[in-house]
Amino acid sequence: MHKFDFKNQTAVITGGAQGFGLDIAKKFLESGCKVFIWDIDEKLLKTVAKEIDNFNLNYHVIDVSDYAKIKKIVDEITNKYKIDILINNAGITGPTAPLWEYDVEKWNKIVQINLMGTFNCCRAIVPNMISNNYGRIVNVASVAGKDGNANASAYSAAKAGTIGLTKSLGKELADKNIAVNVVTPAGAKTRILDQMSIEHVQRMLSKVPRGRFLEIHEFTSLICWLSSNENTFSTAAVFDISGGRSTY
Ligand SMILES: NC(=O)c1ccc[n+]([C@@H]2O[C@H](COP(=O)([O-])OP(=O)(O)OC[C@H]3O[C@@H](n4cnc5c(N)ncnc54)[C@H](O)[C@@H]3O)[C@@H](O)[C@H]2O)c1
């Protein structure tokens, strides 16, 4: 992969204990970035930190739906560092069910984590980026937010909300050196797939003209460019990585 230079930069990656987030964290670390991974899974965070064993890696146990905790941690970090990069990646799909049978609390939780989590992190971190006149924010939505997946109404709605939030915030920050973009991946083999039925996953895959799952490293490639100082113009934009499924 093309090498990016993230030396002397600081990144926050939510949902960074596994899957997409962890791969992004590893790439950033390789390129000299200081990385804070935030995840709700404390056990996994500890294991990953031990395995990676890099002084530039820090972690916090954070539920992205908890704004007060996020604000407290951001204040601690920004006392020492400026935050250059924010990857809003934490997410859950929730169970597969038609809307009229969906558990109301679960529906709400999916929106709280996927959409409100993105809002909470942006709300807490953007002021620091504004004062430094630099920032790269990448929000991780899904092709579900463009197309709407049947039996995944909460997830589709939350990811569509994330796309709308990105377009709005990107414009609010466009006169500053801060880029805000959103990516819409198709299915990749991470643990998130375990939350959905096998039939649902097969249905998603059958819609992808490439005829296969997205590889995690292919996703990380796109995130690296969007997060880098090479991206000096693109903002408020939706970057598709769905193997041809959604061509808009
Ligand atoms: N893998 C796919 O097929 C796919 C497709 C489209 C979009 N996405 C999106 O990509 C992102 C990453 O997913 P992944 O595939 O790597 O999944 P994953 O399940 O491997 O990783 C998600 C991480 O988020 C963490 N997390 C969950 N709830 C949290 C919370 N409340 N606060 C903080 N952390 C929390 C989990 O502990 C986990 O470590 C998600 O936003 C997901 O919706 C994934």
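The values are calculated or read from the model by the stated rules, or taken from the named source; none is laboratory data. All values derive from a computational prediction rather than experimental measurement. Please note: Cβ atoms are built from the backbone with ideal geometry, for glycine as well, and neighbour counts cover all protein chains shown. For accessibility, only protein heavy atoms count, side chains too; no ligands or nucleic acids. Shrake-Rupley method; radii C 1.70, N 1.55, O 1.52, S 1.80 Å.
Within the group 145, 117, 135, which residue is within 15 Å of the ligand (Cβ to nearest atom) and within 24 Å of residue 9 (Cβ to Cβ)?
It is 117.
Tell me, which residue of region 148-189 that is among the polar types (S, T, N, Q) and surrounded by fewer than 18 Cβ atoms within 10 Å (Cβ to Cβ) is farthest from the ligand (Cβ to nearest atom)?
Looking at residues that are among the polar types (S, T, N, Q) and surrounded by fewer than 18 Cβ atoms within 10 Å (Cβ to Cβ), I get 177.
Looking at region 14-27 only, could you name the residues that are open to solvent by less than 20 Å² (accessible area, probe 1.4 Å) and in contact with a Phe, Trp or Tyr (Cβ under 7 Å, 6 or more places away or on another chain)?
Correct list: 14, 16.
With respect to residue 216, is the statement that it is within 14 Å of the chain's Cα centre (by Cα) and modelled with pLDDT of 95 or more true?
Yes: the conditions hold for residue 216.
Tell me, which residue of region 28-50 that is farther than 17 Å from residue 82 by Cα and under 15 Å from the mean Cα position of the chain (by Cα) is least open to solvent (accessible area, probe 1.4 Å)?
The extreme case among them is 39.
Go through region 204-236 and give me each residue that's open to solvent by 30 Å² or more (accessible area, probe 1.4 Å) and either of a type in the set (Gly, Ala, Ser) or part of a strand (DSSP E or B) (or both).
Selection gives 206, 211, 221, 234.
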